[in-house]
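What follows is one structure encoded as structure tokens, with my remarks underneath.
The values are calculated or read from the model by the stated rules, or taken from the named source; none is laboratory data. Fair warning: this is a prediction, and the values are worked out from it, not measured in the lab. Cβ: placed from backbone, ideal geometry, glycine included. Neighbour counts: every protein chain shown.
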Amino acid sequence: MSQQHPQADIPFWNVNIPADQWTIECPPYLAACDEFDRKQLGIPDQDYPRMSWSEVKDVISKQHTHPSFLIFRNQNTKMKKNVSILKCFLSLMMML
């Protein structure tokens, strides 16, 4: 049986912020966060274990972005831009 976190009813953008600084609406810079980021931002600081500097360096050293992923992201961005241009062109052609 899972327990609900005591801060579960607090919007993710107000977690880890003093109550006197809470906002009713989500700040614009957080509005576009996906569900994963919202969950991460909604975790209270005390729920994260403290890491030593050597542990932090170890974690960072193991993070590596594969070059093919970078190529994929680059190509994907170009393709999305081209699709947008094509959609715009087709919309204009349909108006003629």
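Residue 29 satisfies every condition listed in (1) among the aromatic types (Phe, Trp, Tyr); (2) closer than 30 Å to residue 9 by Cα; (3) not assigned by TED's automatic domain parsing to the domain that holds residue 9 except (3).
Can you tell me which residue in region 47-74 is surrounded by the most Cβ atoms within 10 Å (Cβ to Cβ), limited to those that are polar (S, T, N, Q) and under 21 Å from the mean Cα position of the chain (by Cα)?
Filtering region 47-74 down to residues polar (S, T, N, Q) leaves 52, 54, 61, 63, 65, 68, 74.
Remaining after also requiring under 21 Å from the mean Cα position of the chain (by Cα): 63, 65, 74.
Numbers: 63: 6, 65: 8, 74: 10.
The qualifying residue surrounded by the most Cβ atoms within 10 Å (Cβ to Cβ) is 74.
In region 55-67, is there at least one residue being out of contact with any Phe, Trp or Tyr (no Cβ under 7 Å at 6 or more places or on another chain) and modelled with pLDDT of 90 or more?
Start the filter on region 55-67 by keeping residues that are out of contact with any Phe, Trp or Tyr (no Cβ under 7 Å at 6 or more places or on another chain), which leaves 55-67.
Keeping just the survivors that are modelled with pLDDT of 90 or more gives 55.
Yes, region 55-67 contains a residue that is out of contact with any Phe, Trp or Tyr (no Cβ under 7 Å at 6 or more places or on another chain) and modelled with pLDDT of 90 or more.
Residue 77 passes every criterion in (1) modelled with pLDDT of 80 or more; (2) surrounded by 11 or more Cβ atoms within 10 Å (Cβ to Cβ) apart from (2).
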